[in-house]
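Undergrad: Okay, handing you the structure first.
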Amino acid sequence: MNLIEMRDLRCTFTVGGGMFAGSRSLHAVNGVSLAVAKGEVLGLVGESGCGKSTLARMLLGLQPPTGGEILLEGRPLAAHGRLAVARRVQPIFQDPYSSLNPRKTVGAIIGLPLEVHGDEDAAARRRKVEEMMALVGLAPRLYHNYPNQLSGGQRQRVAIARALVRRPEVVVCDEPTSALDVSVQSQILNLLQDLRRELGLTYVFISHNLAVVEHIATRVAVMYLGRIVELAATRELFRAPRHPYTRALLESVLTPEPGLGVPDTHLGAAYPNPIDPPPGCAFHPRCPEAMAHCSSVAPGVSSDSRGEVACHLYVSSLPGSERRAS
Ligand code: SF4
(Lines give C-alpha, C1' and ligand atoms only; values in the text may rest on other atoms or scores of the structure.)
Protein backbone atom coordinates (compact mmCIF):
# COMPACT_ATOMS: atom_id res chain seq x y z
CA MET A 1 0.00 0.00 0.00
CA ASN A 2 1.17 3.53 -0.71
CA LEU A 3 1.95 5.56 2.37
CA ILE A 4 0.52 8.71 0.77
CA GLU A 5 -1.84 9.00 -2.14
CA MET A 6 -3.09 12.22 -3.72
CA ARG A 7 -6.19 11.79 -5.87
CA ASP A 8 -7.19 14.59 -8.22
CA LEU A 9 -6.02 17.03 -5.57
CA ARG A 10 -7.05 20.66 -6.01
CA CYS A 11 -6.60 23.93 -4.21
CA THR A 12 -8.28 27.04 -5.60
CA PHE A 13 -7.97 30.49 -4.05
CA THR A 14 -10.30 33.41 -4.69
CA VAL A 15 -8.34 36.59 -5.36
CA GLY A 16 -9.31 40.20 -6.00
CA GLY A 17 -12.94 41.17 -5.68
CA GLY A 18 -12.52 44.87 -4.84
CA MET A 19 -15.10 47.61 -5.48
CA PHE A 20 -14.44 47.75 -9.23
CA ALA A 21 -13.14 44.30 -10.02
CA GLY A 22 -14.77 40.92 -9.76
CA SER A 23 -13.06 38.12 -7.92
CA ARG A 24 -10.98 35.61 -9.84
CA SER A 25 -10.01 32.01 -9.17
CA LEU A 26 -6.39 30.97 -8.82
CA HIS A 27 -5.98 27.22 -9.28
CA ALA A 28 -2.77 26.76 -7.28
CA VAL A 29 -3.03 22.97 -7.45
CA ASN A 30 -5.17 21.71 -10.28
CA GLY A 31 -5.88 17.97 -10.32
CA VAL A 32 -2.69 16.36 -8.98
CA SER A 33 -2.68 12.57 -8.62
CA LEU A 34 0.48 11.11 -7.10
CA ALA A 35 1.34 8.16 -4.88
CA VAL A 36 4.30 7.97 -2.52
CA ALA A 37 5.55 4.56 -1.38
CA LYS A 38 7.03 3.95 2.06
CA GLY A 39 10.76 4.71 2.10
CA GLU A 40 10.66 6.58 -1.20
CA VAL A 41 11.94 10.10 -1.87
CA LEU A 42 9.55 11.79 -4.24
CA GLY A 43 11.10 14.93 -5.70
CA LEU A 44 8.72 17.70 -6.73
CA VAL A 45 10.22 20.36 -8.97
CA GLY A 46 9.02 23.47 -10.76
CA GLU A 47 9.42 27.22 -10.84
CA SER A 48 8.11 29.56 -8.12
CA GLY A 49 4.34 29.83 -8.28
CA CYS A 50 3.80 26.36 -9.79
CA GLY A 51 1.90 25.21 -6.69
CA LYS A 52 4.48 22.97 -5.04
CA SER A 53 4.43 24.80 -1.69
CA THR A 54 0.60 24.77 -1.62
CA LEU A 55 0.82 21.02 -2.23
CA ALA A 56 3.26 20.76 0.69
CA ARG A 57 0.88 22.66 2.98
CA MET A 58 -1.97 20.33 2.03
CA LEU A 59 0.18 17.26 2.78
CA LEU A 60 0.93 18.72 6.20
CA GLY A 61 -2.76 19.30 6.89
CA LEU A 62 -2.16 23.09 7.03
CA GLN A 63 -4.22 23.88 3.94
CA PRO A 64 -7.51 22.11 3.25
CA PRO A 65 -7.92 20.94 -0.36
CA THR A 66 -10.82 22.42 -2.30
CA GLY A 67 -11.14 19.23 -4.32
CA GLY A 68 -9.86 15.66 -4.46
CA GLU A 69 -8.31 13.97 -1.46
CA ILE A 70 -5.13 12.91 0.28
CA LEU A 71 -4.94 9.44 1.76
CA LEU A 72 -2.48 8.50 4.48
CA GLU A 73 -2.14 4.70 4.59
CA GLY A 74 -5.44 4.42 2.74
CA ARG A 75 -7.46 6.73 5.02
CA PRO A 76 -8.34 10.34 4.23
CA LEU A 77 -5.94 12.73 5.93
CA ALA A 78 -8.80 14.56 7.68
CA ALA A 79 -9.99 11.30 9.28
CA HIS A 80 -6.67 10.92 11.10
CA GLY A 81 -7.15 14.12 13.10
CA ARG A 82 -4.80 17.08 13.28
CA LEU A 83 -2.58 15.76 16.08
CA ALA A 84 -2.13 12.36 14.44
CA VAL A 85 -1.19 14.00 11.16
CA ALA A 86 1.33 16.21 12.97
CA ARG A 87 2.72 13.10 14.65
CA ARG A 88 3.20 11.25 11.35
CA VAL A 89 3.95 14.03 8.85
CA GLN A 90 6.47 16.76 9.64
CA PRO A 91 7.92 19.67 7.66
CA ILE A 92 11.41 20.99 7.11
CA PHE A 93 11.28 24.47 5.62
CA GLN A 94 13.62 26.56 3.52
CA ASP A 95 14.79 29.18 5.96
CA PRO A 96 15.96 27.64 9.23
CA TYR A 97 16.51 31.06 10.80
CA SER A 98 12.96 32.35 10.47
CA SER A 99 11.49 28.98 11.49
CA LEU A 100 13.40 28.91 14.81
CA ASN A 101 12.31 30.98 17.81
CA PRO A 102 15.28 33.32 18.49
CA ARG A 103 14.45 33.47 22.21
CA LYS A 104 14.61 29.70 22.75
CA THR A 105 17.72 27.59 23.19
CA VAL A 106 18.56 24.69 20.87
CA GLY A 107 17.46 22.20 23.52
CA ALA A 108 14.13 23.96 24.05
CA ILE A 109 13.46 24.24 20.31
CA ILE A 110 14.11 20.58 19.59
CA GLY A 111 12.22 19.49 22.72
CA LEU A 112 9.16 21.68 22.08
CA PRO A 113 7.16 19.07 20.07
CA LEU A 114 7.68 16.56 22.91
CA GLU A 115 6.54 19.12 25.46
CA VAL A 116 3.50 20.25 23.47
CA HIS A 117 2.30 16.69 23.02
CA GLY A 118 3.00 15.86 26.70
CA ASP A 119 5.46 13.09 25.85
CA GLU A 120 7.18 11.71 28.96
CA ASP A 121 8.82 13.65 31.78
CA ALA A 122 11.48 16.37 31.54
CA ALA A 123 14.43 13.98 32.03
CA ALA A 124 13.20 11.59 29.31
CA ARG A 125 12.55 14.50 26.98
CA ARG A 126 16.06 15.81 27.51
CA ARG A 127 17.52 12.36 26.75
CA LYS A 128 15.53 12.26 23.49
CA VAL A 129 16.68 15.76 22.53
CA GLU A 130 20.32 14.84 23.17
CA GLU A 131 19.93 11.64 21.14
CA MET A 132 18.43 13.64 18.31
CA MET A 133 21.21 16.23 18.46
CA ALA A 134 23.79 13.45 18.13
CA LEU A 135 21.88 11.95 15.22
CA VAL A 136 21.88 15.20 13.24
CA GLY A 137 25.51 16.03 14.08
CA LEU A 138 25.03 18.80 16.65
CA ALA A 139 27.61 18.89 19.46
CA PRO A 140 26.13 18.49 22.99
CA ARG A 141 27.68 21.84 24.00
CA LEU A 142 25.18 23.59 21.68
CA TYR A 143 22.22 22.53 23.86
CA HIS A 144 22.06 25.92 25.61
CA ASN A 145 22.94 28.05 22.56
CA TYR A 146 20.50 30.36 20.77
CA PRO A 147 19.83 30.31 16.99
CA ASN A 148 21.85 33.52 16.42
CA GLN A 149 24.92 31.75 17.83
CA LEU A 150 24.75 29.03 15.16
CA SER A 151 25.83 28.81 11.53
CA GLY A 152 23.22 28.37 8.78
CA GLY A 153 24.02 24.65 8.54
CA GLN A 154 23.71 24.19 12.31
CA ARG A 155 20.36 26.00 12.30
CA GLN A 156 19.05 23.68 9.61
CA ARG A 157 20.28 20.69 11.67
CA VAL A 158 18.24 22.07 14.63
CA ALA A 159 15.17 22.36 12.36
CA ILE A 160 15.71 18.78 11.16
CA ALA A 161 16.12 17.51 14.74
CA ARG A 162 12.90 19.28 15.77
CA ALA A 163 11.03 17.74 12.84
CA LEU A 164 12.27 14.22 13.64
CA VAL A 165 12.22 14.18 17.44
CA ARG A 166 8.79 12.52 17.59
CA ARG A 167 9.84 10.07 14.84
CA PRO A 168 7.40 10.92 12.05
CA GLU A 169 7.04 8.61 9.05
CA VAL A 170 6.81 11.26 6.34
CA VAL A 171 8.88 14.43 6.08
CA VAL A 172 7.85 17.17 3.67
CA CYS A 173 11.07 19.00 2.82
CA ASP A 174 10.23 22.38 1.23
CA GLU A 175 13.44 23.76 -0.33
CA PRO A 176 15.44 22.64 2.73
CA THR A 177 18.84 23.62 1.31
CA SER A 178 18.15 26.64 -0.88
CA ALA A 179 18.88 29.22 1.86
CA LEU A 180 22.25 27.61 2.63
CA ASP A 181 25.73 28.18 1.22
CA VAL A 182 26.52 25.82 -1.62
CA SER A 183 29.26 24.20 0.49
CA VAL A 184 26.75 23.38 3.26
CA GLN A 185 23.97 22.19 0.92
CA SER A 186 25.60 18.84 0.19
CA GLN A 187 26.26 18.20 3.90
CA ILE A 188 22.56 18.71 4.68
CA LEU A 189 21.49 16.57 1.71
CA ASN A 190 23.81 13.76 2.84
CA LEU A 191 22.46 14.08 6.39
CA LEU A 192 18.88 13.79 5.09
CA GLN A 193 19.89 10.68 3.11
CA ASP A 194 21.50 9.08 6.17
CA LEU A 195 18.51 9.88 8.40
CA ARG A 196 16.11 8.41 5.87
CA ARG A 197 17.98 5.11 5.90
CA GLU A 198 18.50 5.08 9.65
CA LEU A 199 14.94 6.04 10.66
CA GLY A 200 13.05 4.51 7.72
CA LEU A 201 11.65 7.86 6.61
CA THR A 202 9.70 8.76 3.51
CA TYR A 203 10.38 12.18 1.95
CA VAL A 204 8.41 14.47 -0.30
CA PHE A 205 11.27 16.71 -1.40
CA ILE A 206 10.31 20.02 -2.97
CA SER A 207 12.81 22.11 -4.89
CA HIS A 208 13.17 24.36 -7.91
CA ASN A 209 16.64 22.90 -8.38
CA LEU A 210 16.84 19.68 -10.39
CA ALA A 211 20.49 19.13 -9.44
CA VAL A 212 19.53 18.90 -5.77
CA VAL A 213 16.59 16.63 -6.53
CA GLU A 214 18.78 14.35 -8.67
CA HIS A 215 21.02 13.86 -5.66
CA ILE A 216 18.30 12.68 -3.29
CA ALA A 217 15.07 11.63 -5.05
CA THR A 218 14.08 8.17 -6.24
CA ARG A 219 11.31 9.56 -8.48
CA VAL A 220 10.67 13.06 -9.74
CA ALA A 221 7.39 14.83 -10.49
CA VAL A 222 7.68 18.02 -12.56
CA MET A 223 4.99 20.60 -11.85
CA TYR A 224 3.81 23.46 -14.05
CA LEU A 225 0.94 25.83 -13.22
CA GLY A 226 -0.63 23.51 -10.69
CA ARG A 227 -0.36 20.27 -12.69
CA ILE A 228 2.13 17.42 -12.91
CA VAL A 229 3.52 17.45 -16.46
CA GLU A 230 6.02 14.60 -16.09
CA LEU A 231 6.67 11.83 -13.58
CA ALA A 232 9.52 9.35 -13.87
CA ALA A 233 12.24 7.52 -11.96
CA THR A 234 15.04 10.00 -11.27
CA ARG A 235 17.63 8.26 -13.46
CA GLU A 236 15.15 7.98 -16.33
CA LEU A 237 14.06 11.60 -16.07
CA PHE A 238 17.65 12.84 -16.21
CA ARG A 239 18.69 10.36 -18.91
CA ALA A 240 15.83 11.10 -21.27
CA PRO A 241 13.41 13.86 -20.20
CA ARG A 242 10.27 13.83 -22.34
CA HIS A 243 8.21 16.92 -21.57
CA PRO A 244 9.61 20.09 -23.23
CA TYR A 245 9.35 21.88 -19.86
CA THR A 246 11.44 19.21 -18.12
CA ARG A 247 14.05 19.55 -20.84
CA ALA A 248 14.14 23.34 -20.30
CA LEU A 249 14.51 22.88 -16.53
CA LEU A 250 17.36 20.44 -17.09
CA GLU A 251 19.15 22.95 -19.28
CA SER A 252 18.78 25.48 -16.44
CA VAL A 253 20.81 23.12 -14.23
CA LEU A 254 23.73 23.77 -16.55
CA THR A 255 23.77 27.52 -15.85
CA PRO A 256 26.90 28.76 -14.02
CA GLU A 257 25.25 29.06 -10.63
CA PRO A 258 22.88 26.15 -10.17
CA GLY A 259 20.71 26.32 -7.10
CA LEU A 260 20.70 30.10 -6.79
CA GLY A 261 17.21 31.52 -7.10
CA VAL A 262 14.71 30.64 -9.77
CA PRO A 263 16.48 28.93 -12.67
CA ASP A 264 16.81 30.64 -16.01
CA THR A 265 14.84 28.22 -18.11
CA HIS A 266 15.88 29.83 -21.43
CA LEU A 267 12.23 29.76 -22.48
CA GLY A 268 11.91 33.33 -23.66
CA ALA A 269 8.36 34.05 -22.54
CA ALA A 270 7.87 34.69 -18.82
CA TYR A 271 6.09 32.33 -16.47
CA PRO A 272 2.36 32.96 -17.03
CA ASN A 273 0.13 34.61 -14.48
CA PRO A 274 -1.54 31.73 -12.59
CA ILE A 275 -4.76 33.79 -12.36
CA ASP A 276 -4.95 33.92 -16.12
CA PRO A 277 -3.39 30.69 -17.40
CA PRO A 278 -3.07 30.18 -21.17
CA PRO A 279 -5.78 28.01 -22.79
CA GLY A 280 -5.00 24.54 -24.10
CA CYS A 281 -1.63 23.35 -22.88
CA ALA A 282 -0.65 25.97 -20.29
CA PHE A 283 2.97 25.65 -21.42
CA HIS A 284 2.29 26.45 -25.09
CA PRO A 285 3.40 30.15 -25.10
CA ARG A 286 6.86 29.04 -23.93
CA CYS A 287 7.11 25.68 -25.65
CA PRO A 288 9.67 25.38 -28.46
CA GLU A 289 7.77 22.36 -29.84
CA ALA A 290 4.21 23.73 -29.68
CA MET A 291 1.84 22.60 -32.45
CA ALA A 292 -1.31 24.28 -33.75
CA HIS A 293 -3.74 22.49 -31.45
CA CYS A 294 -1.59 22.99 -28.33
CA SER A 295 -3.11 26.45 -27.80
CA SER A 296 -6.68 25.10 -27.73
CA VAL A 297 -6.58 21.48 -26.50
CA ALA A 298 -5.19 20.60 -23.07
CA PRO A 299 -3.12 17.41 -23.17
CA GLY A 300 -4.17 14.43 -21.06
CA VAL A 301 -1.72 12.29 -19.13
CA SER A 302 -0.11 9.38 -20.98
CA SER A 303 1.24 6.57 -18.77
CA ASP A 304 3.70 3.86 -19.74
CA SER A 305 6.56 1.89 -18.19
CA ARG A 306 8.71 5.04 -18.08
CA GLY A 307 6.20 7.05 -16.08
CA GLU A 308 3.73 9.76 -16.99
CA VAL A 309 3.84 12.72 -19.33
CA ALA A 310 1.20 15.33 -20.18
CA CYS A 311 2.05 16.50 -23.69
CA HIS A 312 0.50 16.09 -27.14
CA LEU A 313 3.84 14.91 -28.50
CA TYR A 314 3.16 11.58 -26.82
CA VAL A 315 -0.43 11.13 -27.97
CA SER A 316 -1.01 9.76 -31.48
CA SER A 317 -4.75 10.40 -31.80
CA LEU A 318 -4.61 14.18 -32.26
CA PRO A 319 -4.18 15.68 -35.74
CA GLY A 320 -0.60 16.70 -36.42
CA SER A 321 0.75 14.79 -33.43
CA GLU A 322 3.27 12.08 -33.75
CA ARG A 323 3.78 9.73 -30.87
CA ARG A 324 7.38 9.96 -29.81
CA ALA A 325 9.47 6.81 -29.50
CA SER A 326 9.89 5.94 -25.83
FE1 SF4 B 1 4.56 21.82 -25.95
FE2 SF4 B 1 2.22 21.13 -27.04
FE3 SF4 B 1 3.52 19.42 -25.45
FE4 SF4 B 1 2.36 21.58 -24.44
S5 SF4 B 1 1.32 19.86 -25.43
S6 SF4 B 1 4.36 20.82 -23.97
S7 SF4 B 1 2.71 23.08 -26.06
S8 SF4 B 1 4.19 20.20 -27.44
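Undergrad: Given the conditions (1) within 25 Å of ASN2 (Cβ to Cβ); (2) part of a helix (DSSP H, G or I); (3) out of contact with any strand residue (DSSP E or B) (no Cβ under 7 Å at 6 or more places or on another chain), report the number of the one that ARG126 does not fulfil.
TA: Unmet condition: (1).
Undergrad: Let me ask something additional. Which one is nearest to the chain's Cα centre (by Cα), of the residues in the stretch 129-166 that are surrounded by fewer than 21 Cβ atoms within 10 Å (Cβ to Cβ) and outside any helix (DSSP H, G or I)?
TA: The qualifying residue nearest to the chain's Cα centre (by Cα) is ARG166.
Undergrad: Still on this model: Within the stretch 197-215, does at least one residue satisfy the condition of being under 30 Å from LEU26 (Cα atoms), at pLDDT 95 or above and in a loop (DSSP other than H, G, I, E, B)?
TA: For the stretch 197-215, residues under 30 Å from LEU26 (Cα atoms), at pLDDT 95 or above and in a loop (DSSP other than H, G, I, E, B): absent.
Undergrad: Need the failing condition index for LEU9 against (1) loosely packed, with under 14 Cβ neighbours inside 10 Å; (2) under 30 Å from GLN193 (Cβ atoms); (3) in contact (Cβ under 8 Å) with a residue 24 or more places away in the chain, just the number.
TA: Failed condition: (1).
Undergrad: Condition check: within 12 Å of the ligand (Cβ to nearest atom) and either modelled with pLDDT under 90 or in contact with a Pro (Cβ under 9 Å, 6 or more places away or on another chain) (or both). Does GLY320 satisfy that?
TA: yes
Undergrad: Consider ASP95 carefully, then state whether it is closer than 29 Å to MET6 by Cα, surrounded by 14 or more Cβ atoms within 10 Å (Cβ to Cβ) and in contact (Cβ under 8 Å) with a residue 24 or more places away in the chain.
TA: Yes; evaluated as a whole, the condition is true for this residue.
The values are calculated or read from the model by the stated rules, or taken from the named source; none is laboratory data. No experiment lies behind these values; they were computed from the predicted model shown. Using ideal geometry, Cβ is built from the backbone for each residue, glycine included, and neighbour counts are taken over all protein chains shown.
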